[in-house]
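What follows is a short report on a single structure.
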């Protein structure tokens, strides 16, 4: 009896807190299926070109599994406050990352746009939404296998988004500490003395800009991302010197055109002085590319990549949709001499079937050659699954 009363009191307290908002919504996605992959390590493997096979359950192939809370409060005069807490979930094990997909508090004005503070998808990600026929999902099929920051998140970000004006929309964000996995950037205990003394100067800061035009059958998008690594010396023994760490830059442009019977997709871009991987090509290569995964940034002065994507999507009957794409990422600059490298190619085809407005089945196949631009590295992926949105 006491347990029942306690539970009722807790529920009443939660309901009272929720009612203080204009609205609070619980939402999420459950996505799970089976993934079979054949991987080949390539010519850079000191143990020889090895092949492995793996088949198992995979969470988040079409959409990263998640749950979240979002709320809006009307402040009057066209102004409102909003928050989003969004947590990733692995359907395989039930484990969760905490609210690492999104954790923001913001203000929205009908006339001037919106401001968000916290962790969320970048302005470039918002602008590029819809450019990839695979929706930045389905493992190595995703556009971020070749054009990384087409889908990425930043922590500690202040982001402004303009209202839509005759189809035009823009956004800009600055991150005081991006939270991205980094290579060739200081992050170990060797730098503890400098971290405490210099604060944000020891963090990987980032700027992201996204522009978008949507009118009728035409969508055009562009993005520019820049990651600024820490650059300083330390007196600690055996610690690398990071005074020459390069600022990594990326720009992408993309477009779609809807012919009704089919939609055409295209994108082109470059990475300069390193490489930015939005959902991390290694994750795409090894475990199906769940969009819950963290991004990665490699700073390497003089390194470049050039990437492009062509794709198509089309309805099949009243409930089906088929989509396909071909991508390339070509090494340039010092990437040509740092290892045995070649142009990465990715060819993919997928299909979804809607059983209802909230539940669908899917399947896809993706082939990647020279994965990560490493000569001879290959991946063959075949995945099927079911997704439910609530």
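The values are calculated or read from the model by the stated rules, or taken from the named source; none is laboratory data. Model, not experiment: these values are computed from the prediction. As a convention, Cβ positions derive from the backbone with ideal geometry for all residues, glycine included, and neighbour counts pool all protein chains shown.
Observations, loosely collected:
- Conditions (1) modelled with pLDDT under 95; (2) assigned to a strand (DSSP E or B); (3) buried (at least 21 other Cβ atoms within 10 Å of the Cβ): number failed by residue 307: (1)
- Selected residue (criterion: farthest from residue 36 (Cα to Cα)) from residues of region 375-390 that are at pLDDT below 95 and in contact with a helix residue (DSSP H, G or I) (Cβ under 7 Å, 6 or more places away or on another chain): 377
- Against the numbered list (1) within 20 Å of the chain's Cα centre (by Cα); (2) at pLDDT below 95; (3) surrounded by fewer than 17 Cβ atoms within 10 Å (Cβ to Cβ), residue 372 comes up short only at (3).
- Yes/no for residue 28 being within 18 Å of the chain's Cα centre (by Cα), assigned to a strand (DSSP E or B) and either modelled with pLDDT of 95 or more or within 24 Å of residue 173 (Cα to Cα) (or both): yes
- Region 217-232, subset at pLDDT below 95 and in a loop (DSSP other than H, G, I, E, B), residue farthest from residue 122 (Cα to Cα): 232
- Applying the set (1) farther than 19 Å from residue 127 by Cβ; (2) crowded, with 17+ Cβ neighbours inside 10 Å; (3) modelled with pLDDT of 95 or more to residue 274 leaves exactly one unmet item: (3).
- Residue 23 being touching a strand residue (DSSP E or B) at 6+ places or on another chain (Cβ under 6 Å), at pLDDT below 95 and loosely packed, with under 14 Cβ neighbours inside 10 Å: yes
- Under the condition of being assigned to a strand (DSSP E or B) and out of contact with any strand residue (DSSP E or B) (no Cβ under 9 Å at 6 or more places or on another chain), the residues counted in region 310-341 number 0.
- Qualifying residue in region 279-287 (condition: modelled with pLDDT of 95 or more and part of a loop (DSSP other than H, G, I, E, B)): no
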